[in-house]
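Heads up, the thing below is written out as structure tokens.
Every number here is computed from the coordinates shown, using simple stated rules; none is lab data. This is a predicted model, so every value here is computed, not measured. All Cβ positions, even for glycine, are placed from backbone atoms using ideal geometry, and neighbour counts span all protein chains on display.
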Amino acid sequence: MRAHATAEPSETFARGVARDPYPMYEVLRDAGPVVWSDDVLGGAWLLTRYADIVTALQDPRLSAARADAFAQQFDGARQRQLTPFTEAFGRWLLFMDAPHHSRLRKALNYGFKPAVLEALRPRIERLVDELLLPLLSPDMNPDSGNPPREFDFIREFAHPLPARVIAEMLGVTTGATKAQLHRARMLLRERLNR
């Protein structure tokens with residue numbers, strides 16, 4: 001991997017990605033395989049090539065233990081206020097290094113074995129139907145003259161589906177899942193509008 005310091009795109013990375021990630025990804029890829037961004041977690045190197053990402057994920061010199069990265073951009077008083085948030089995120093698998101990550105991932109792998117997932121197939125198909133049916137035009141007949149309904153596939157299907165499947169696996173009700181997704185969207189919007 002080589003590092004290339006480049007100028008930032010005109011709008012911040014986080015806001016651009018939240019609106020439409022693909023143009024920002026293109027800007028980053030064009031900038032080089034490794035790009036510095038002041039806008040991501042108070043400053044971070046961004047990898048833009050799959051092979052480099054795989055290499056980085058397998059490199060023991062690099063750490064996933066970065067749950068405090070968000071809080072680090074604030075002054076000491078604010079960081080202390082964010083301590084419960086930082087501690088909670090520190091217990092997420094995403095922010096753990098081996099051996100803790102490996103131990104927990106092994107325990108979680110049972111829920112993703114082919115036989116377990118196959119048993120979930122009917123419930124997953126029901127969730128797919130629940131998410132897709134409201135998005136389809138009322139009349140799918142091309143001769144009807146009704147234009148097809150436009151929608152944001154990521155926001156209205158791809159984003160909620162994995163959350164709903166995991167919620168099903170954990171026994172969380174649909175209403176609670178929708179409320180949690182709404183709250184997550186509101187937190188992200190609040191963060192991006194600062």
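Brief remarks follow.
- Förster radius 30 Å - calculated FRET efficiency between Phe112 and Ala44, Cβ distance, rounded to 0.05: 0.55
- Extension gain, Arg80-Arg105: 0.36 nm per intervening residue step, less the Cα-Cα distance, totals 6.0 nm.
- Quotient of C-alpha Rg and 2.2 N^0.38 Å, computed over segment 18-84: 1.34
- With neighbour counts taken as other beta-carbon atoms within 10 Å, the residues His100, His159, His182 rank, fewest first, as His182, His100, His159.
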